[in-house]
Amino acid sequence: MTTQAPIDPRHAQSQQKAPHVEVYWKAVTYKTVVGYGFLGVTILFGGMYLAKPDWYSWAYKKFTNAVNDAANSSGAEPAGSDQKQAKFVNLDGKVEVKKVNSVKWVDADFRASLEKGDQIKTGPDGDARITFADGTTYTMKPDSLVVVEENSTENNKSSSSAIGITTGTVDWATTTYTLAESKAQVRVEDTRARLGSNSRGAVKADPENKSSEILVSSGSAQVQRGQERIDLSQWEKVTIPRGGPIQRSNVLAPPELVEPLNLAPIIAENPKVSPVRFEWKQVQDAVSYTLRISTTAMFTKMVKEERVSGNSKEITGLDAGDYFWNVTASDAKKQTSEVSETFKFSLVTQGKSQEMLLEITSTDVVGHSAEIVGRTEPGAALIVNGQSVPNISPDGSFRHFTEQLAPGQHTIVVIGQNRRGGTNMKQVSIVIPK
């Protein structure tokens, strides 16, 4: 016979329920975790410092180095630093770069950053313009070889840039220095030139003839080799023979260009047979001039190169398109001036049908730019001071801002062409305040 203990009424209901588990937790924020972690590290380092000061210093140095390495590997820059890299802003023809930690020459491109010790060379058809962190630009001509020697600038600190020229010709242009301690330098063999604020010039290195030249076309420069020191002003140059004293001399100033004006359009019914007049101002002591016309700003694709006895020349045979031109002067001693400023002009074919609609309704000066507002035909193409207008409304209205302009009076030229081949041109004068 089986017996069973009596069931306690107090537990009868609980025994009929399904078993369950109750779980409790407490939410902890990320800030709390970080806070406790930081507190733990502080206690650890504090104990290390009290127990073994020397070992604490070693551990702390290792810790900070690891943090800095992690920041550098992620591409971050130190706080407060505004360090920048030198960059290519113009490349034409064969240009190669050899990095400081490499033995291989590679083709240059605009994405490459140039660092101290990097070498750059141009081929027979190559030109390269490099902008440094301080705003100084160096333009390498064909068959040149240079090395980056310095490039630094930081917020509220002086800037510094320098290149060494092994062979070839390099033009320089500096900006206005914000701090007196800032400097830009060029080196050729054992001679250095400190370039003045807002100055321009050229350096030529000719190892075969064992001679170099440094020319100032505007501003100033200080040339030094050993104990020799010479201050140069505009249109002065020094010749630096290897093994001999430095010689200073005056040079011919380049011609001042008159027409075609920079960025001016020339509209002709048949550009191929229509003459284009080029004119420049006379240069004292000059007996002849060399006129150059190219389809590229670096003059690697020459269209015309002609020796002229006077100060003007008419040229025919140019196709419609954009052109660049400049002039050099020569004296009776066959000394040649530096190249003049380079101007750009556009040769436009005049449509045979009626002229297109083109109206300038308003102009305004915004900072150092000009705002041009007007109306033309739907579907027409417009060029303002050599720049195409990208946004023209379906009804033909347009609004365009020019590039930054220097203080003074400017003539803004607007040219257009419609789908029928018709063309039109308008000019407006504006004044950019200082």
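The table below lists the values:
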quantity: Filtered residues of the stretch 390-428 (kept if under 19 Å from L347 (Cβ atoms), open to solvent by less than 50 Å² (accessible area, probe 1.4 Å) and touching a Gly at 6+ places or on another chain (Cβ under 9 Å)); calculated: V413, V414, G416, N418, G421, G422, T423, N424
quantity: Matching entry among T295, T328, T336 (being open to solvent by 70 Å² or more (accessible area, probe 1.4 Å) and either at pLDDT 95 or above or not basic (K, R) (or both)); calculated: T336
quantity: Hits in the stretch 84-116 - residues which are open to solvent by less than 50 Å² (accessible area, probe 1.4 Å) and part of a strand (DSSP E or B); calculated: A86, F88, N90, L91, D92, V95, E96, V97, K98, S113, L114
quantity: Residues (outside any strand (DSSP E or B) and open to solvent by 50 Å² or more (accessible area, probe 1.4 Å)) located in the stretch 178-196; calculated: T178, L179, A180, E181, E189, D190
quantity: Residue selected from the stretch 339-367 under the condition outside any strand (DSSP E or B) and of a type in the set (S, T, Y), by the criterion least open to solvent (accessible area, probe 1.4 Å); calculated: S340
quantity: Given (1) free of Cβ contacts under 8 Å to residues at least 40 places away in the same chain; (2) open to solvent by less than 50 Å² (accessible area, probe 1.4 Å); (3) not in a strand (DSSP E or B), number of the condition G317 does not satisfy; calculated: (1)
quantity: Pairs with Cβ under 7 Å, 6+ apart, first in the stretch 269-283 and more than 21 Å from G421 (Cα to Cα) and among the acidic types (D, E), second assigned to a loop (DSSP other than H, G, I, E, B) and open to solvent by less than 70 Å² (accessible area, probe 1.4 Å); calculated: E279/N311
quantity: Scope the stretch 243-253; condition open to solvent by 30 Å² or more (accessible area, probe 1.4 Å) and either free of Cβ contacts under 8 Å to residues at least 12 places away in the same chain or in contact with a strand residue (DSSP E or B) (Cβ under 8 Å, 6 or more places away or on another chain) (or both); matching residues; calculated: P245, Q247, R248, S249, N250, V251, A253
quantity: Residue count, the stretch 243-281 (criterion: closer than 30 Å to V413 by Cβ and under 33 Å from the mean Cα position of the chain (by Cα)); calculated: 21
quantity: Positions within the stretch 117-127 being buried (at least 20 other Cβ atoms within 10 Å of the Cβ) and touching a Gly at 6+ places or on another chain (Cβ under 9 Å), in sequence order; calculated: K121, T122, G126, D127
quantity: Qualifying residue in the stretch 375-384 (condition: out of contact with any Ser or Thr (no Cβ under 9 Å at 6 or more places or on another chain), part of a strand (DSSP E or B) and open to solvent by 10 Å² or more (accessible area, probe 1.4 Å)); calculated: no
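Yes/no matrix, rows are residues, columns are (1) surrounded by fewer than 17 Cβ atoms within 10 Å (Cβ to Cβ); (2) over 24 Å from the mean Cα position of the chain (by Cα):
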residue: S152; (1), (2): yes, no
residue: S159; (1), (2): no, no
residue: A162; (1), (2): no, no
residue: R225; (1), (2): no, yes
residue: L232; (1), (2): no, yes
residue: P241; (1), (2): yes, yes
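The values are calculated or read from the model by the stated rules, or taken from the named source; none is laboratory data. Not measured: the values here are computed from a predicted model. Please note: Cβ atoms are built from the backbone with ideal geometry, for glycine as well, and neighbour counts cover all protein chains shown. The accessibility values were calculated without ligands, DNA or RNA, using every heavy atom of the protein model including side chains. Shrake-Rupley method; radii C 1.70, N 1.55, O 1.52, S 1.80 Å.
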